[in-house]
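Report on one structure; see the data block that follows.
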Amino acid sequence: MAVPDLEVAKPGWEAGALYDTFKTNAGIVSARVDRAADNTEAALKIKEIILQTGAKKVVAAPSPLVDSLLPDDLWAAGTGPALHRKDLRRHAPDAGVGISAFDLAIVETGTLVQDATNLDCRLVSTLPPVHVALVPTDRIVPTLQDALELYGRDPDGLPPYLAFISGPSRTADIERVLTIGVHGPSELYIIFIDRPGGETV
Amino acid sequence: MSDTSIKGDIRAALSNENLRGALGRFADDYLESRQAAYRNKDFNDLRDKIAEIKSRAAGRMEELAERFAAEAARRGAKVFRAETAGQARDYILNLARERGVKTIVKSKSMASEEIHLNRYLAEAGMEVVETDLGEWIIQLCGQRPSHMVLPAIHMTRGQVAGIFSRETGEELPPEISRLVKVARENLRQKFLKAELGISGANIAVAETGTLVMVTNEGNGRLTTTLPPLHVAVVGLEKLVERFIDAVPILEALPRSATSQQLTSYVTMLTGPAPAVDASGSPVQKEMHIVLLNNGRTEMQSDPVFKEALQCIRCASCLNVCPVFQLVGGHVFGYVYTGSIGSVLTAFFNGLENAAEIQSLCLGCQRCKDFCPAKINLPRLINDLRTRIAQQSGLSLPQRLFLKKVLTNRSLFHGLLRAAAVGQKPFVKEGTVRHLPFFLAGQASVRNLPALAEEPLRNWFNRYAAREAEEKAGKGAAREADKRDSKQENNQETRKESKPQSKVESTTENKAGDAAEGAAYRAKTEKEAGRKTGSKARPRAGLFAGCLTDFIYPEIGISMVKVLESTGFEVVFPRGQTCCGYPARQLGAPEVMAEVARQNLAVFEDAGADYILTPCPTCTHALKNIYPELSAGDPALQARAAAMAGKVCDFAELVYRQIKDGTAPGLRLKALNKKVTYHDSCHLKRSLGITLEPRELLKTAGAKLVEMPYADRCCGFGGSYFLKYPELSAQILDQKLDCIRKTGAGLVAVECPGCLMQLRKGLKERGEKAVEARFLAEILADQL
Ligand code: SF4
């Protein structure tokens, strides 16, 4: 999952303030945002979410960050839901939770950005009703313009499938009543990780 | 569509309570939520950027299409350039056949609706499933979307429950969350088995061959992810040059369309991404992009209509349209609806098919304020109107009137005078129909005012004579004026001897007038004394416009009084005639050009420093349209521009003079009344006047109470209220409700058309506690 060589931080951007504002804005579009100091804490939070949903099956799109957070022995054999990282076309449709890593977060709109060229990224973030998104905290940019400028620097390096996600899926097609969760997930959890050990950023 | 069928559709729509309730509530909510969505963005800055990006792209459409095709192909997509709808359909059908496709999932795409793709594929035996919730509802019940962004806005949850129950064979309750779940479950099965996904795109980036899709439900992501074959149908107007050009469009589209900062999903596709088949084995993903022309290059080569290619399909122009709010999209009869729909239909379906739907436009110009692509929709529709009229021709009486009567002022005014007299026994019938803008009207509408017994021009004769007398006394008469008015007088008397004598027989009125005149003279003499002494006063030339001249002369008289008291000399050049705007509306711009030349000459002779008209439409004509009309004749255009420079609105001038201190402040008795102000569409949107009338009302001591949606049209629209009386009446009704909410006993307007409409409505409602009056009248009363 080649993230273009993004130089994310600009002078004057302060991760803490960016995170706080992101949390507010993503909250407005019904995403739930949390922050973990390191991978260990993040793994605990993920486990909590999974237990809360009561999912029997979890799918994760492989990436260095996801792999380092979710070891195969996340649960002692037989004590937790099945975790699948392969053959996701078969497993994602009836999984309760999907997990994937993201490349950027945009403060202004509470948006996550992901190079979703890898099919697994799309399967786990579209099919299960709950999606858990992981983002390194130092990957927050202020605006959509900033994000597109980063990707636009190298037009030849644009990934075939670049996904922007702001909150869970939604509709207002019946009587204009906002309803969360249509074809995509109805719940989106975002976990920022301050020191993502396994990921080379 | 025939005239009768559109009128039938309008009646059906107006009697559909669901539709009207839903659209009406939406219209109100939309304004608020949209504004909230833009709270951290400068809308005007954004629309400037979009207009620049899109007009630049439209100007180089072919070049960008080639570049896009090459870049997308380089990244593995197959690009097909479809010149016609038929070519696009055939390409997609053949492809689907070759790949043995049985089930197709579609995410919402206007372009595929434009080419009626579903029907075509279904006829070939394929199952085509719309997966956008609103589109699916519409598909299941065999209707057409009624709105570009909210296709099923006209339906209730109960109706949707009925439709879904039929589809699933399960009795479903009218619970929205449950219905959405049913859609998810049912459509999920289709996604998982479909062999082909068809989508549209909101932006196509030439530099990188990227397609950008803006969606909310997640069906767009599934459509482009699960089936191993993807076809995107993309109109050429979606092209932009650079990747970064997508930014302002992505910033404006969600805010304008759905009042969101950004939609849940934005998907950027640059060449095919990996896919697997239904069994999970990796397959080569195929991505086909059908670049659709279907009339777009023709639009691009049109100097006026190329602007329509800037459209980003946000549907704001529908949401704020007072007519759309009442009738919804079905009445428009084609895929694209509302203001932009009229223009697009003309190009995609032929000019003749746009004839009826463009006539639904009131001309209130509200859409112009909201368009994030900065398209001058009113201008496009106006031009469309002219072209349609020129193609279908004027009716015989219209042609006769416009070409023979309107261009011959003395004949025109002579007829009006004759009508004024002739109306006497039939005043109820409302002989205002003799005025030019009533030409297009057919229906019979009641409660119209009668023609005035004495037109403003005749009152002014007497007034000018008095002025001249006074001046002669002081030895300061302007000879030219006297000569002018004497000549005119003779002419008028000769031609109108019969009507004049009749008017004179109504002694009652005359006595009243004389008394008023005397009182007024005394006052102005006093005023003059306190003014600048012998220093020449600025000269304001009054351009009355037909409505004020012949129906509401009291408006003009009030203006004269106020202007006098703020230190102006007022002249009424008698050779002035109709501004010609109605002729242009009827599709005869050459008639307007002819009267423009006449008015120009008359006002040049008058030597006015300012030219004022009580009618915003006339002001707009004199100020903005006359210079346009004389393009191609530099000498004439320079003269028109010189005149345009002097034209201003009454409130604008008076307020400016007072504020600058160049004129003595208005000495007004305090009005001490609750007053509300209605913005005339042309005054606000063609001339940008909103502050000045309000400030003047406050100066007069009025307690100004804003009504909700003060700038929403009253439904007059020139001849509109005769052509579509039911629509006009409904819009008027909404306006009157807003007025009533203020609790004000007086509604001030600065447009004689609005005045006529509001008075008509108040009368029909039997509303005695509210009075509609012209701003100048209100001020003059407090002098
Ligand atoms: S014309 Fe303007 S307002 Fe109407 S849909 Fe297009 S972009 Fe939106």
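The values are calculated or read from the model by the stated rules, or taken from the named source; none is laboratory data. Since the model is a prediction, treat every value here as computed from it, not as a measurement. Glycine gets a Cβ as well: all are built from the backbone with ideal geometry, and neighbour counts include every protein chain shown.
Between B:278, B:257, the distinction of being surrounded by fewer than 20 Cβ atoms within 10 Å (Cβ to Cβ), in contact (Cβ under 8 Å) with a residue 12 or more places away in the chain, in the same structural domain as residue B:71 (by TED's automatic domain parsing) and over 23 Å from residue B:209 (Cα atoms) belongs to B:278 only. Just so you know, in the range B:73-85 the residues that are outside any loop (DSSP other than H, G, I, E, B) and not basic (Lys, Arg) include one that is surrounded by the most Cβ atoms within 10 Å (Cβ to Cβ), and it is B:82.
Within the range B:712-752, the set of residues being closer than 25 Å to residue B:543 by Cα and of a type outside the set (A, V, I, L, M) comprises B:713, B:714, B:715, B:716, B:717, B:718, B:719, B:720, B:721, B:750, B:751, B:752. Condition check: in the same structural domain as residue B:586 (by TED's automatic domain parsing) and not acidic (Asp, Glu). Does residue B:744 satisfy that? For residue B:744, the condition - in the same structural domain as residue B:586 (by TED's automatic domain parsing) and not acidic (Asp, Glu) - is not met. The number of residues in the range B:340-383 that are under 13 Å from the mean Cα position of the chain (by Cα) and modelled with pLDDT under 85 comes to 2.
For the range B:309-355, enumerate the residues that are of a type in the set (Gly, Ala, Ser) and either crowded, with 24+ Cβ neighbours inside 10 Å or touching a residue at least 24 places away in the same chain (Cβ under 8 Å) (or both). So that I can check it myself, show each step before the final result.
Applying the first criterion (of a type in the set (Gly, Ala, Ser)) to the range B:309-355 yields B:315-316, B:328-329, B:333, B:338-339, B:341-342, B:346, B:350, B:354-355.
Across the range B:309-355, the qualifying residues are B:315, B:316, B:328, B:329, B:333, B:338, B:339, B:341, B:342, B:346, B:354, B:355.
Scanning the range B:201-222 finds one or more residues that are on the phi > 0 side of the Ramachandran plot and at the interface with another protein chain (Cβ under 7 Å from one of its Cβ atoms). I'd like to know if the range B:571-585 contains one or more residues that are within 30 Å of residue B:472 (Cα to Cα), among the hydrophobic types (A, V, I, L, M, F, W, C) and surrounded by 19 or more Cβ atoms within 10 Å (Cβ to Cβ). Within the range B:571-585 (the criterion being within 30 Å of residue B:472 (Cα to Cα), among the hydrophobic types (A, V, I, L, M, F, W, C) and surrounded by 19 or more Cβ atoms within 10 Å (Cβ to Cβ)), the answer is yes, since at least one residue qualifies. The C-beta contact set for the range B:759-778 (first residue within 30 Å of residue B:564 (Cβ to Cβ), second residue among the β-branched types (Val, Ile, Thr) and assigned to a helix (DSSP H, G or I), distance under 7 angstrom, 6+ apart or interchain) comprises B:770/B:739; B:774/B:555; B:776/B:555; B:776/B:562; B:777/B:555. Only one of A:132, A:113 is away from every other protein chain (no Cβ under 12 Å), surrounded by 24 or more Cβ atoms within 10 Å (Cβ to Cβ), not hydroxyl-bearing (Ser, Thr, Tyr) and not in a helix (DSSP H, G or I). Can you tell me which? It is A:132. Residue count for the range B:300-317 satisfying the condition of being within 13 Å of the ligand (Cβ to nearest atom) and more than 14 Å from chain A (Cβ to nearest Cβ): 11.
Screening residue A:175 against (1) closer than 24 Å to residue A:64 by Cα; (2) in a loop (DSSP other than H, G, I, E, B); (3) within 9 Å of another protein chain (Cβ to nearest Cβ) leaves a single unmet condition, (1). All of B:88, B:36, B:70, B:12 fail the test of being under 30 Å from residue B:285 (Cβ atoms), out of contact with any helix residue (DSSP H, G or I) (no Cβ under 6 Å at 6 or more places or on another chain) and surrounded by fewer than 14 Cβ atoms within 10 Å (Cβ to Cβ), apart from B:70.
With respect to the stated conditions, residue B:386 is within 25 Å of residue B:684 (Cβ to Cβ), under 17 Å from the mean Cα position of the chain (by Cα) and more than 11 Å from the ligand (Cβ to nearest atom).
Selection over the range B:248-301 of residues that are at pLDDT below 95, β-branched (Val, Ile, Thr) and in a loop (DSSP other than H, G, I, E, B) gives a count of 0. The lone criterion from (1) charged (D, E, K, R); (2) part of a helix (DSSP H, G or I); (3) closer than 18 Å to residue A:168 by Cβ left unmet by residue B:217 is number (2).
Number of residues in the range A:20-42 that are buried (at least 19 other Cβ atoms within 10 Å of the Cβ), part of a strand (DSSP E or B), more than 14 Å from every other protein chain (Cβ to nearest Cβ) and touching a Gly at 6+ places or on another chain (Cβ under 9 Å): the value is 1.
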